[in-house]
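Structure record follows, encoded as structure tokens.
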Amino acid sequence: MSLLNQLFSLESKTALVTGAARGNGLAMACALSGAGAKVIAVDQLADELDHVCQLHCFEKADIDITNPEQLANLIDVVLREHRHIDVLVNNAGITAPADFLNYPRDDWLRTFETNLDAPFALMQKVAGHMKKNNGGSIINVTSLAAELGFPNNPAYVAFKGALKQLTKAAAHDLGTFGIRVNNIGPGYILTDMTTKSWSDPLSHKEKAQRTLLGRWGQPEDLMGVVIFLASDASSYITGQDIYVDGGWLAKGL
């Protein structure tokens, strides 16, 4: 195997990816599998993976990540069957847009549980086992909303921003065990979550023009960066934010 292949290879690695049934999560799960990892695809819509499971080394886990008992059982099962978890991708997330002054408490709590509390719980559980193996890679999926204010979605913006900072805290605390923790921040990428904006000609054009590349992203645009952060190619990188946004954040005039 060439040095280049060695750097990016995930052979013999086990990866856990949440929100893996569709969109960004599916693309990243496919990328990790293609690089050689055994992937456990976690999603309440896991049955939708049937059409790709024959092409990729996926195992499905149909659980609610906001349920502590189901999470603990998942980790126990994975470790019993695979003995180690080398890569964790916290991709699962929800959005619940609503007017700030009338934002429903239930939506706030639901977004907190899915977008911040569940990733924290998974990081704690998985990092404990990564520590025993002297290393691992945790990748949290944030958003442009971790950096910028977006209208009528206070919970999403708040908890993506909090996840960004949680990553930096975890990178600090877990680095001594050889565990790296980084963020991937997608820009506007065509998924179920963004279909409404994609389908509106004015919104579609406006968002494309905000980027330096002049286009929306596709889930496949995340494949390279997740392999990079999961593999030895990024062995000296931790606590970082990598935005896959077509240059949205960098664009000035």
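The values are calculated or read from the model by the stated rules, or taken from the named source; none is laboratory data. The model shown is predicted, which means the values in this text are computed figures rather than measured ones. With ideal geometry, Cβ positions are generated from the backbone for all residues, glycine too; neighbour counts draw on all protein chains shown. These accessible areas exclude ligands, DNA and RNA; they are computed on the full protein's heavy atoms, side chains included. Shrake-Rupley method; radii C 1.70, N 1.55, O 1.52, S 1.80 Å.
Whenever a residue of segment 202-216 is within 18 Å of V244 (Cα to Cα), its partners that are of a type in the set (V, I, T), lying with C-beta atoms within less than 9 angstrom and at least six residues away or across chains, give the pairs K207/T194; W216/I189; W216/T194. When segment 29-43 is filtered for residues that are surrounded by 24 or more Cβ atoms within 10 Å (Cβ to Cβ) and assigned to a helix (DSSP H, G or I), the ones remaining, listed by number, are A29, A31, L32. The residue list W198, W216 contains one member that is open to solvent by less than 20 Å² (accessible area, probe 1.4 Å), touching a helix residue (DSSP H, G or I) at 6+ places or on another chain (Cβ under 9 Å) and either charged (D, E, K, R) or at pLDDT below 95 (or both), which is W216. Here is the figure for segment 3-28: residues that are open to solvent by 60 Å² or more (accessible area, probe 1.4 Å) and in a loop (DSSP other than H, G, I, E, B) total 4. The residues of segment 183-195 that are outside any helix (DSSP H, G or I) and open to solvent by 20 Å² or more (accessible area, probe 1.4 Å), listed by number, are Y188, L190, T191.
Of all residues in segment 109-123, those that are crowded, with 17+ Cβ neighbours inside 10 Å and of a type outside the set (D, E) total 9. For segment 222-239, filtered to residues that are without any contact (Cβ under 8 Å) to a residue 60 or more places away in the chain and not hydrophobic (A, V, I, L, M, F, W, C), the residue that is surrounded by the fewest Cβ atoms within 10 Å (Cβ to Cβ) is Y236.
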